[in-house]
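The values are calculated or read from the model by the stated rules, or taken from the named source; none is laboratory data. Bear in mind the structure is a predicted one, so any value in this text is a computation, not a measurement. Heads up, the Cβs are rebuilt from the backbone with ideal geometry, glycines too, and the neighbour counts pull from every protein chain shown.
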Amino acid sequence: MKLIWLQAAGCGGCTQSLLGAESRAGVLAQFADGGIELVLHPGMSESTGDETLDLLRAAADGRLSFDILCVEGALLRGPNGSGRFQMLSGSGRPLIAWVRELAARAAYVLAIGTCSAYGGIVSGGENVTDACGLQFDGDQEGGLLGTDFRSGAGLPVINVAGCPTHPGWIVDTLLSLALGALNAADLDAWQRPRFYTEQLVHHGCPRNEFYEFKASAQKLSDLGCLMENMGCKGTQANADCNLRPWHGVGSCVRGGFACISCTEPGFEEPGHPFMETPKIAGIPTGLPIDMPKAWFVALAALSKSATPKRVRENSRSDHPLIAPGIRKSGPK
Amino acid sequence: MTRRLTIGPFNRVEGDLEVTLDIADGRVASAQVSSSLYRGFEHILLAKHPLDALVIVPRICGICSVSQSAAAATALAAAAGVDMPPNGRLASNLILACENLADHLTHFYLFFMPDFARAAYRGCSWHATTERRFQATVGEALREVLPARADLLRLMGYLAGKWPHSLALQPGGTTRAVTATEKVRLLVVLREFRAFLSSTVFGDALENVAAIGSADELAAWAEGRPGDLPRFLEIAGDLDLARCGRASDTFLSYGAYAHGGRDGQPLFARGVWHGQRRPFEEPLIREDVTHAWLHGDRPLHPRQGETRPLTGEFADKASAYTWCKAPRYDGRIVETGALARQMVAGQPLVRALVAAEGGSVLARVVARLLELALVVPAMEGWVRALTPGEAFCHAWQLPDQASGVGLVEAARGSLGHWLRIEGGKIAGYQIIAPTTWNFSPRDAAGVPGALEQALVGLPVGEDERVPLAVQHVVRSFDPCMVCTVH
């Protein structure tokens with residue numbers, strides 16, 4: 001399958017993330033072996049200037065057939081609907097015009113990262129640039145291409161959301177498409193591939209014992225659970241970051257800081273400081289997904305009162321102070 | 001006869017770049033460099049909680065993400081008056097060095113070398129090897145480099161959670177304390193990276209590469225040596241890249257890896273080089289917007305700086321051709337990056353190359369690869385110095401009113417953040433990125449920026465639509481356009 005990749009108003013971080021994919025001969029070899037041909041990528045292809053414009057023009061008017069359009073970065077409609085905040089260099093036209101034309105020719109359109117999916121960080125604050133995603137404007141359907149947009153294969157935009165997106169999420173999505181194994185039914189309510197969003201960041205979190213007892217970190221670098229004080233949304237965020245670690249060993253919570261729910265529309269404006277948990281009467285307003293509030297409050301009170309000394313002490317330290325006991329008779 | 005040539009989209013650089021050349025008698029007579037994307041991060045930051053900057057600024061750039069975090073953390077630390085514990089300093093330097101070295105590799109193998117594999121060089125003796133090894137997206141070197149880079153990034157997994165866009169760098173240190181066995185594993189990561197550099201990039205031990213002291217020694221060292229730096233040096237000799245792409249030869253470095261060198265000094269010194277090294281004086285910076293699609297009528301120090309984009313009056317400002325401001329140091333055009341960093345630091349080979357022919361494509365690329373050889377041994381020392389069980393992060397209190405400056409060295413050079421806090425919120429945030437310096441437009445006096453100067457005089461063939469020499473010079477700076485205009 002032929003792939004054209006465009007960089008809209010983003011940071012290029014999703015491409016950098018992709019290049020870090022763990023693979024014996026690197027992600028580009030993995031694509032080639034999986035039947036994905038990189039026809040154009042602004043950070044990697046040989047062509048530049050007119051050579052690139054010729055290729056894009058041919059793709060836009062149908063002379064060059066291709067299968068997949070990946071767009072990284074938010075789509076800037078400003079100022080005043082002109083798209084002038086991002087002109088495709090050398091072409092004299094706004095990038096959003098190119099995206100519209102190319103999307104109409106692609107069998108599949110992928111939003112790579114939260115910016116191109118929903119607007120992301122670039123749409124934060126007052127959104128001076130009128131940034132949006134391909135088929136969403138924050139949590140509202142529509143975006144640049146409109147609610148009714150369907151790519152050649154009949155799918156809406158596939159949102160490989162994340163800030164940045166995990167290399168594995170891109171690779172699995174593209175290789176699934178190449179195998180004909182990803183359909184509309186495989187997307188969730190935000191049009192993200194369900195294979196990575198039907199998990200919570202909470203799943204596989206190494207701080208789970210601290211969570212169970214509400215033994216909470218009091219400050220950054222503490223080992224305790226980050227939910228109660230440090231702004232962590234891992235119990236609400238749909239992603240498999242702790243089941244499929246980053247660089248083989250990492251994730252946000254493993255790195256000692258909160259999950260900020262970067263796979264979700266609107267994560268960029270949480271309505272509170274990112275690294276503080278919003279609370280009412282001492283209770284976090286963002287409760288674990290699928291958990292009734294009364295149960296959470298009851299369980300939290302009970303588990304706090306039952307916290308083992310080891311868990312409590314360690315939660316407030318940046319390294320374990322007390323090791324788990326060893327049962328000399330062996331586990332029962 | 002003069003003709004005008006516009007080159008864009010300029011690929012294999014990070015972000016959006018357009019270069020317009022006036023060509024006379026087969027040479028570039030003048031150049032205009034345009035940054036064609038504006039996102040408005042300095043505006044997005046306004047009225048936010050000061051620590052939210054640590055979430056927002058790394059997302060300016062996915063390739064200099066940690067550098068942006070480091071500059072913000074430094075500015076916040078200055079505002080809060082907090083210092084890091086030794087472990088926090090070491091871990092911060094390791095995280096920043098990891099990004100910088102990964103970026104140097106990315107630049108050499110993905111952005112820069114593929115140009116020599118182009119069909120236009122088919123007649124050259126080195127072309128067949130270069131095409132096989134470095135051709136864009138399919139060259140055999142990528143099968144070695146991408147896995148080596150991914151393995152190096154395991155260091156980010158341990159110390160920063162993930163890359164890009166980590167919150168591990170904080171004003172008081174880092175969020176992730178490492179255990180004694182993780183320290184061992186970090187050394188394994190660095191040992192494997194060292195082995196890759198020795199076998200693939202250099203064809204020699206890092207210490208031997210770092211000891212090369214002159215252009216003659218470099219030539220003798222490279223002769224017949226299997227390794228990608230020697231392969232580049234053969235090409236550079238043939239194409240005379242030592243006399244290609246000279247800019248102002250004034251070099252700026254904020255100093256890299258705080259406390260990472262001897263006696264608590266940075267690993268690479270801070271200063272300005274113009275014929276000799278002088279102390280850097282932060283009050284001498286100004287930014288001019290005469291040629292930018294921005295409002296403003298006089299050069300401002302970033303502490304007073306503002307970023308207000310035109311929104312509909314483009315025709316009224318005919319002088320403007322970019323979103324990029326024109327930063328000046330004491331009124332001068334400066335160049336920043338690995339070459340500038342090593343000039344200021346006094347690295348012998350880099351000083352010798354510049355003394356002979358000035359800043360050039362060759363000198364910029366050699367300086368970048370030299371840093372791989374210089375920094376990995378330092379990183380090994382930093383890992384060994386980590387003390388598990390002792391603090392990685394100090395507590396701090398942010399005042400409601402404060403200001404702070406964060407000056408760091410990113411892979412591409414000097415990165416500065418100027419922060420002002422009022423009423424507990426961000427009231428002002430200005431950023432000058434490395435490529436803002438290098439790819440600056442003209443200023444009010446009409447003086448062109450560093451790249452605009454470096455392009456003048458380059459040969460352009462009659463049929464060339466994307467002149468090769470221009471591409472080599474542009475990419476030799478390793479521009480990051482998403483940082484340039486943020």
Discussion item. Given the condition surrounded by 15 or more Cβ atoms within 10 Å (Cβ to Cβ), farther than 15 Å from A:Ser216 by Cα, under 18 Å from the mean Cα position of the chain (by Cα) and not assigned by TED's automatic domain parsing to the domain that holds A:Cys163, answer yes or no: does some residue in the range A:281-297 qualify?
Written reply: no
Worksheet, complete the sentence: Being surrounded by fewer than 22 Cβ atoms within 10 Å (Cβ to Cβ) and facing another protein chain (nearest Cβ under 9 Å) narrows A:Leu55, A:Leu38, A:Leu28 down to just A:Leu38
Item to complete: Output the number of the condition that B:Val55 fails; it satisfies all remaining conditions of (1) assigned to a helix (DSSP H, G or I); (2) over 18 Å from the mean Cα position of the chain (by Cα); (3) more than 7 Å from chain A (Cβ to nearest Cβ).
Response: (3)
Worksheet item: Would the range A:241-259 turn up any residue that is touching a residue at least 60 places away in the same chain (Cβ under 8 Å), among the β-branched types (Val, Ile, Thr) and either touching a Leu at 6+ places or on another chain (Cβ under 6 Å) or surrounded by 23 or more Cβ atoms within 10 Å (Cβ to Cβ) (or both)?
Response: no
Response to the item:
Reported set for the range B:75-89 where residues are buried (at least 23 other Cβ atoms within 10 Å of the Cβ) and away from every other protein chain (no Cβ under 14 Å) is B:Ala75
Discussion item. Given the condition under 25 Å from B:Ala53 (Cα atoms) and crowded, with 24+ Cβ neighbours inside 10 Å, answer yes or no: does some residue in the range B:462-475 qualify?
Written reply: no
Response to the item:
Scanning the range B:135-144 residue by residue, those part of a helix (DSSP H, G or I) and either in contact with a Pro (Cβ under 9 Å, 6 or more places away or on another chain) or more than 7 Å from every other protein chain (Cβ to nearest Cβ) (or both) turn out to be B:Glu144
Worksheet item: On the given criteria, is B:Leu5 over 27 Å from B:Phe112 (Cα atoms), at pLDDT 95 or above, among the hydrophobic types (A, V, I, L, M, F, W, C) and surrounded by fewer than 20 Cβ atoms within 10 Å (Cβ to Cβ)?
Response: no
Worksheet item: Which residue, of A:Glu269, A:Glu228, A:Glu209, is over 29 Å from A:Gly154 (Cα atoms) and either of a type in the set (Phe, Trp, Tyr) or in contact with a helix residue (DSSP H, G or I) (Cβ under 7 Å, 6 or more places away or on another chain) (or both)?
Response: A:Glu209
Discussion item. List the residue pairs whose Cβ atoms are under 8 Å apart, where the first residue sits in the range B:18-36 and is part of a strand (DSSP E or B), the second is β-branched (Val, Ile, Thr) and exposed (fewer than 15 other Cβ atoms within 10 Å of the Cβ), and the two are 6 or more positions apart or on different chains.
Written reply: B:Asp22/B:Thr2; B:Ile23/B:Thr2; B:Ala24/B:Thr2; B:Ala29/B:Thr2
Item to complete: Kindly provide the set of residues from the range A:61-76 that are touching a helix residue (DSSP H, G or I) at 6+ places or on another chain (Cβ under 7 Å), more than 12 Å from chain B (Cβ to nearest Cβ) and buried (at least 19 other Cβ atoms within 10 Å of the Cβ), ordered by number.
Response: A:Phe66, A:Ile68, A:Leu69, A:Val71
Worksheet item: Residues of the range B:147-201 being touching a residue at least 60 places away in the same chain (Cβ under 8 Å), within 8 Å of chain A (Cβ to nearest Cβ), in a loop (DSSP other than H, G, I, E, B) and not β-branched (Val, Ile, Thr), which ones?
Response: B:Trp163, B:Pro164, B:His165, B:Ser166, B:Leu167, B:Ala168, B:Gly172, B:Arg176, B:Ala177
Item to complete: Just one of (1) among the charged types (D, E, K, R); (2) at the interface with another protein chain (Cβ under 7 Å from one of its Cβ atoms); (3) not in a helix (DSSP H, G or I) trips up B:Arg4, so point out which.
Response: (2)
Response to the item:
Scanning the range A:298-332 residue by residue, the ones that are surrounded by fewer than 10 Cβ atoms within 10 Å (Cβ to Cβ) and part of a loop (DSSP other than H, G, I, E, B) total 9
